[in-house]
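Chemist: Okay, here's the structure, questions in a sec.
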Amino acid sequence: MKGFQITGLPPDELNSFLSATHGDPFHILGPHRVGDDLAIRIFRPDAQKIDILVDKASGAENGTIPAEKVHSDGFFCARIPNATRDLDYRLRLTNW
């Protein structure tokens, strides 16, 4: 498997997650602080596209933040500037 990096996570943790051997998947998935921003990480192999839906007051255009597909196995990540872990958000998935 080709290696990849996501800010704030060592590559060996990502590889163990993708190989289903990670002991704590929620250490990787969901909202996590990265500097002043919030990173939301999602694993959905069935998704073609994922958008993070937030309150328009958060500064996101139209309340939608596209998640970037960072691995072909279905690992997505979105970075939300200056957001906190208690951000109220929903996911919108587009399947194949």
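The values are calculated or read from the model by the stated rules, or taken from the named source; none is laboratory data. Bear in mind that the values here come from a model prediction, so they are computed numbers and not experimental data. Because the Cβ atoms are built from the backbone with ideal geometry, glycine has one as well, and the counts that use them run over all protein chains shown. Ligands, DNA and RNA are stripped out before the accessible areas are found, and what is left, the full protein with its side chains, is counted by its heavy atoms. Shrake-Rupley method; radii C 1.70, N 1.55, O 1.52, S 1.80 Å.
Chemist: Just the residues that are among the hydrophobic types (A, V, I, L, M, F, W, C) and either assigned to a loop (DSSP other than H, G, I, E, B) or open to solvent by less than 30 Å² (accessible area, probe 1.4 Å) (or both), please, taken from region 66-96.
Modeler: Filtering region 66-96 for residues among the hydrophobic types (A, V, I, L, M, F, W, C) gives 67, 70, 75-78, 80, 83, 87, 91, 93, 96.
Residues satisfying the conditions are Ala67, Phe75, Phe76, Cys77, Ala78, Ile80, Ala83, Leu87, Trp96.
Chemist: Strands (runs of 3 or more DSSP E) wholly in region 1-65 with at least 1 residues that are more than 13 Å from the chain's Cα centre (by Cα) and either modelled with pLDDT of 90 or more or surrounded by fewer than 15 Cβ atoms within 10 Å (Cβ to Cβ) (or both) - which ones? Steps first, answer last, please.
Modeler: Numbers: elements: 30-34, 37-43, 47-54.
By residue number, 47-54.
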